[in-house]
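None of the figures in this text is laboratory data; all of them are computed from the coordinates on show. Everything quoted here is computed from the prediction, not taken from an experiment. Virtual Cβ from ideal backbone geometry, glycine too; neighbours counted across all protein chains shown.
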């Protein structure tokens, strides 16, 4: 994985693509399905900045709150295909997950993740240290972490002065990030 540049990351945070928007959990329950309602719901979600839906089929065994038509019937698949086509038309993501308590899908995903470690989830963490005086600042980074960006900023009025940004070279894996602060009031992140 190639780390994006600092300016690319900054742009992505200021104007995140739809991929980074909210996704809603979407259920089709307690009523008859209707293609017009599905289209209307998706159009409304798109207007509100939602990037997609996470669809859970629940109540698979004819329980009181199930859908009509029944899950996985030919009629249901017709609605599902319509939903996917509407997601594509609107530029939305369509995610699907089993939540019926049988863990069939979860077991498949666990096996896929074990076979392909690059699918493992990631996290984003900001590590920082501040200067109290002139001198070298050291920031020890946990082993195995991938550093996406490193910079130093002057602290001004309780915040970071963006105009003082000094982009730094990324440290070698397992090495600390080090920078010579010109005086107090700087943050290394």
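Assorted remarks:
- Here the calculated FRET efficiency for residue 106 and residue 85, from their Cβ-Cβ distance with R0 = 35 Å, stands at 0.85, rounded to the nearest 0.05.
- Two-site label geometry, residue 7 and residue 36: point separation in nm, points 7 Å out along Cα→Cβ: 5.1 nm
- Derived from the Cα gyration tensor, the three semi-axes of the equivalent ellipsoid of segment 129-188 are 21, 13, 9 Å, largest first.
- Ranked by the mean number of other Cβ atoms within 10 Å per residue, highest first, peptides 82-89, 5-12, 156-163 order as 82-89, 5-12, 156-163.
- Ascending count of other beta-carbon atoms within 10 Å, so fewest first, for 153, 56: 56, 153
- Listing 13, 79 from fewest to most neighbouring C-beta atoms within 10 Å gives 13, 79.
- Cα centroid separation - segment 143-167 against segment 71-87, whole Å: 48 Å
- Taking only the Cα atoms of the chain, the radius of gyration and Dmax are 24.0, 72 Å.
- Net length gained if the chain between residue 156 and residue 56 were fully extended (0.36 nm per residue, minus Cα distance): 31.2 nm
- Exposure proxy ranking, count of Cβ atoms within 10 Å, fewest first, for 48, 35: 48, 35
- Förster radius 30 Å - calculated FRET efficiency between residue 23 and residue 128 (Cβ-Cβ, nearest 0.05): 0.50
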